[in-house]
Amino acid sequence: MSPVALIARDELRLMVRNRVAVIAFALLILLTLVAVASSWSHRQRIADLRARHQQAAADAFDAQPDRHPHRVVHYGSFIFRPLGPLAAFDPGVDAFTGNSMFLEGHRQNTANFGDVRQSSLLVRFGQLSPAFVLQVVAPLLLVFLGFAAVARERERGTLRVLMMQGVSRGQLVAGKLAALGVVAFAAATPALIGLTAIAAQPGAAPLPMLVLGIGYLAYLALWCVVILTVSALVPRSRDALLALIALWAVTTILVPRLAPDIAGQMHTLRNRLQTDVAIARDLRRMGDSHDPDDPHFAAFKAATLKRYGAARVEDLPVNYKGLLALEGERLTAALFDRYAAESFAVQARQNAVVAGASAISPAIALRSLSMAAAGTDLSGHRRFLEQAERYRYALVQRLNRMQAEGVAYADDTATDAGADRRKRVDAANWRAMPDFAFRPAGPGTLARAALPGLAVVLLWLTAAGALLAFATYRLGARR
Amino acid sequence: MQTIPDPPISIQSLTLSYGRAPVLDGLTLQVPAGSITALLGGNGAGKSTTLAALLGFERADGGTIAVCGIDPGSDPDAARRQMAYLPENVALYDHLSAIENADYLLALSGERHDRAAIAGALAAAGLQDQAWDRRLGGFSKGMRQKVAIAVALLRAVPVLLLDEPTSGLDPRATADFNALLLAVRARGTAVLMVTHDLLSAADVADRIAFLERGRVAHEVAADGPDRFDVRALHARFQIGGERRAA
């Protein structure tokens with residue numbers, strides 16, 4: 001057996017003979033198993049619930065009686081964002097962003113019913129998921145198991161004893177690193193098994209999971225290297241422990257919590273009330289289709305009459321009210337799209353600030369990698385919002401077109417007793433409307449989105465490796 | 001087969017200082033194969049620094065130093081493979097038993113010995129068999145020293161360095177240790193022993209070198225014309241001969 005293997009075996013033997021270490025490791029494994037099971041069950045429950053609600057909303061929409069298309073525009077429809085299989089590993093922003101939307105005419109609603117908004121404040125501290133355990137808890141266990149790996153040898157004088165057996169500094173550190181690496185891998189195994197179980201689910205793609213697996217293993221390897229570096233640089237075990245706990249607290253708790261707040265301060269996002277007020281102001285400026293003196297709609301009316309060669313709207317072959325609804329929706333949708341684009345731009349700037357903080361916290365890079373690969377990051381949410389808006393616009397315009405072509409202007413403006421009946425269109429039309437079907441990002445897109453985070457984690461690993469090489473060189477240094 | 005240069009320990013005009021304070025100042029010392037040299041001196045004379053330089057933990061400012069022809073300053077790992085070292089305060093692993101400690105350290109140095117051989121060395125070092133499989137957590141300083149002695153004995157190296165080897169041992173254990181040392185010498189090992197114990201040195205050493213201000217001030221050989229006159233040596237150097245001198 002090589003000296004590296006012998007040192008690794010002895011380090012593991014020390015951990016096994018240390019009851020506290022064994023108990024801590026067992027607790028981590030238990031916690032990971034609980035996280036895997038609860039997260040999986042939570043994901044299944046949510047997915048089932050949303051699928052059920054989606055079906056119920058679709059059924060209710062389809063079950064509408066014969067009615068005026070514009071009433072259907074306002075009847076609206078609920079849609080729900082389905083969860084991908086990897087959400088069981090990392091739920092990402094799902095609990096915060098909301099997962100359902102009410103689609104209606106003239107409005108672009110935001111997503112509602114995020115778990116956090118419906119739960120106690122405790123939920124905001126983070127859901128117990130395999131990703132959370134590996135990002136936050138596993139590094140802490142590695143710190144407790146590895147902080148003294150090298151410092152102990154120096155403190156107790158066994159460092160020189162080892163060197164006297166012809167063991168080089170590199171062999172010593174490599175052996176300690178191998179032992180801690182084995183522990184890290186063992187700690188990650190239950191979560192990786194969970195990930196493999198997810199792979200067997202329909203819709204799960206191996207490529208993002210591969211990036212996810214590499215990312216988490218690189219992150220844990222980074223912690224092993226950092227722990228060994230501090231243990232080799234700091235003269236006493238106690239100091240190494242304090243330094244590593246401080247490092248853990250800052251990089252995995254403090255910075256990831258503070259960075260979004262700082263980003264929010266730097267690039268302020270309008271809240272919903274401010275947005276609604278601004279949109280209402282712009283809508284007023286945009287014009288009123290009911291006002292005959294409104295310049296935009298007066299021009300629209302003139303252009304329409306000219307196009308059809310008619311003198312009055314009553315002479316048009318189509319329902320002018322339907323055309324007005326089509327034009328109004330086009331204008332308001334463009335306005336909503338502009339506000340949404342502005343909001344996304346601010347969010348992108350906030351995300352850039354948070355991503356920049358990964359220079360001092362690799363946990364941020366890992367979190368970004370993890371959510372991107374799982375499809376549960378803000379991009380995934382934005383994808384849902386954009387698809388929802390496209391669907392809403394197409395649905396509303398289809399109904400407006402139905403009003404323009406299927407309801408006569410005379411009937412639409414009539415107020416006699418039978419007018420209401422004549423304005424209605426057949427209920428079969430609602431059933432012919434296509435249902436909303438969310439198209440999640442493909443495996444290649446998810447994997448590509450995770451690459452920047454992976455690159456940062458690997459960069460951290462390289463830098464930490466260089467620092468460990470320096471610490472190893474200095475170990476037991478002579479004058 | 002590797003040819004060991006003789007003397008295996010060779011120090012010529014060695015100088016070494018801590019900052020501006022010289023610790024070794026032209027030290028010259030040779031330890032031939034199959035011999036025991038005791039290095040005595042007062043506090044600050046440079047004994048421990050000499051050992052540290054031989055072990056490659058301190059780099060000399062001038063002169064030459066060689067262990068089996070290897071400069072420990074430039075290639076400490078290679079030099080250490082030629083040496084066994086028994087420090088004054090033995091550092092071993094508390095989570096391992098005596099047998100496991102020996103097995104681990106010997107395996108690291110590339111030597112494999114079966115349990116019987118290790119047990120034999122532990123017995124030869126004077127450790128009782130009930131203690132062989134006990135973890136070192138509850139061992140006394142003397143018991144730990146015996147484990148370290150067993151490891152040093154089992155390592156078939158041409159050079160053995162000892163730092164105050166009998167400081168934790170009772171008189172009987174000291175006598176046993178000295179007997180072991182003679183056995184080691186008999187198999188051709190060059191032994192350099194740093195000690196304050198002039199009596200013990202006189203019992204086993206072939207030569208005694210007295211260090212003063214970083215250089216050998218006086219050197220006597222057991223078979224030389226002035227032989228070991230402990231009373232006279234103590235009177236001259238005021239080192240460690242109190243019991244017999246009194």
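No value in this document is a laboratory result; all are computed from the given coordinates. Since we're looking at a predicted model, the values are computed, not measured. For neighbour counting, all protein chains shown are included, and Cβ atoms are generated from backbone atoms with ideal geometry for every residue, glycine included.
Shape class for segment A:144-276, computed from the alpha carbon gyration tensor (a ≥ b ≥ c): oblate, with a/c not under 1.5 and a/b at or below b/c.
For chain B, the Cβ-based charge dipole about the Cα centre amounts to some 220 debye (Lys, Arg positive; Asp, Glu negative; other atoms uncharged). For the residues of B:104-113, the average number of beta carbons from a partner chain within 10 Å of their own beta carbon is 5. Bridgeable lysines around A:LYS321 (alpha carbons under 28 Å apart, same-chain partners fewer than 8 residues away excluded): A:LYS301, A:LYS306, A:LYS423.
Note on B:ILE4 and B:ARG112: with the Förster distance fixed at 22 Å, the Cβ-Cβ geometry gives a FRET efficiency of about 0.50. Each stretch of four or more DSSP H residues adds -39500 (n - 2.57); spread over every residue of the protein assembly as shown, this sum gives -18500 deg cm²/dmol at 222 nm. Rounded, prolate or oblate: which fits segment A:316-436, taking a ≥ b ≥ c as square roots of the Cα gyration tensor eigenvalues, rounded meaning a/c under 1.5, else prolate when a/b beats b/c? Note, shape of segment A:316-436 comes out prolate.
Think of segment A:333-479 as a dipole: +1 on every Lys or Arg Cβ, -1 on every Asp or Glu Cβ, centred on the Cα centre; then among A:LEU461, A:ASN429, A:TYR473, A:TYR473 lies furthest on the positive end.
Near A:ALA357, once Lys and Arg are set to +1 and Asp and Glu to -1 for all other residues with Cβ below 15 Å from its Cβ, the sum equals +2. DSSP beta bridges confined to the protein assembly as shown are antiparallel in about 60 percent of cases.
Close amide H pairs (under 5 Å, H built 1.01 Å from N) link B:LEU39 with B:MET193, B:VAL194, B:THR195, B:ALA209, residues at least 5 positions away or on another chain.
Placing unit charges on the Cβ atoms only, positive for Lys and Arg and negative for Asp and Glu, gives the protein assembly as shown a dipole magnitude near 560 debye about its Cα centre.
Evaluate peptide B:86-94: per residue, the Cβ atoms of other protein chains within 10 Å of its Cβ; return the mean as an integer.
What the average comes to for B:86-94 is 4.
Given +1 at the Cβ of Lys and Arg, -1 at the Cβ of Asp and Glu and no other charges, the dipole of segment B:90-156 around its Cα centre is 200 debye to the nearest 20. For the pair A:ALA394 and A:ARG422, label points projected 7 Å from Cα toward Cβ lie 3.4 nm apart. Seen from a random direction on average, the alpha-carbon convex hull of segment B:29-115 projects onto 7.5 square nanometres.
Taking the charge dipole of segment B:77-228 about its Cα centre, with +1 at Lys and Arg Cβ atoms and -1 at Asp and Glu Cβ atoms, the residue from B:ALA78, B:LEU199, B:ALA179 reaching farthest to the positive side is B:ALA78. For the segment A:152-165, counting C-beta atoms of other chains within 10 Å of every residue's C-beta and taking the mean gives 6. Positive-end ranking of A:VAL182, A:VAL133, A:PHE344 along the dipole of the protein assembly as shown, with charges on Cβ about the Cα centre, is headed by A:PHE344. Under conditions of 4 °C and 1.567 mPa s, segment B:1-77 yields 101 µm² s⁻¹ as its translational diffusion coefficient, taking Rh as the Kirkwood radius over Cα pairs in the Stokes-Einstein equation. Sorted largest first, the principal axis extents computed over the alpha-carbon atoms of chain A equal 106, 40, 37 Å.
Count Lys and Arg as plus one, Asp and Glu as minus one, and take only other residues whose Cβ is under 15 Å from that of A:PHE147; the net charge is then +2. For a straight C-alpha distance cut-off of 25 angstrom, the lysines reachable from B:LYS146 (same-chain residues fewer than eight places away being disregarded) are B:LYS47. In segment B:90-156, Rg over Rh equals 0.91, where Rg is the alpha-carbon radius of gyration and Rh the Kirkwood radius from pairwise Cα distances. Taking square-rooted eigenvalues a ≥ b ≥ c of the alpha carbon gyration tensor, is segment A:371-472 rounded, prolate or oblate, where a/c under 1.5 means rounded and, failing that, a/b exceeding b/c means prolate? Taking the square roots of the gyration eigenvalues as a ≥ b ≥ c, segment A:371-472 is prolate.
Where does each of B:145-155, A:263-273 land if you order them by average Cβ count within 10 Å, highest first?
Numbers: B:145-155: 26.5, A:263-273: 12.5.
Top of the packing list down: B:145-155, A:263-273.
Here is what passes the span test in chain A: the DSSP H helices with alpha carbon length of 27 Å or more along the helix axis and a Kyte-Doolittle mean of 1.6 or above are A:206-233.
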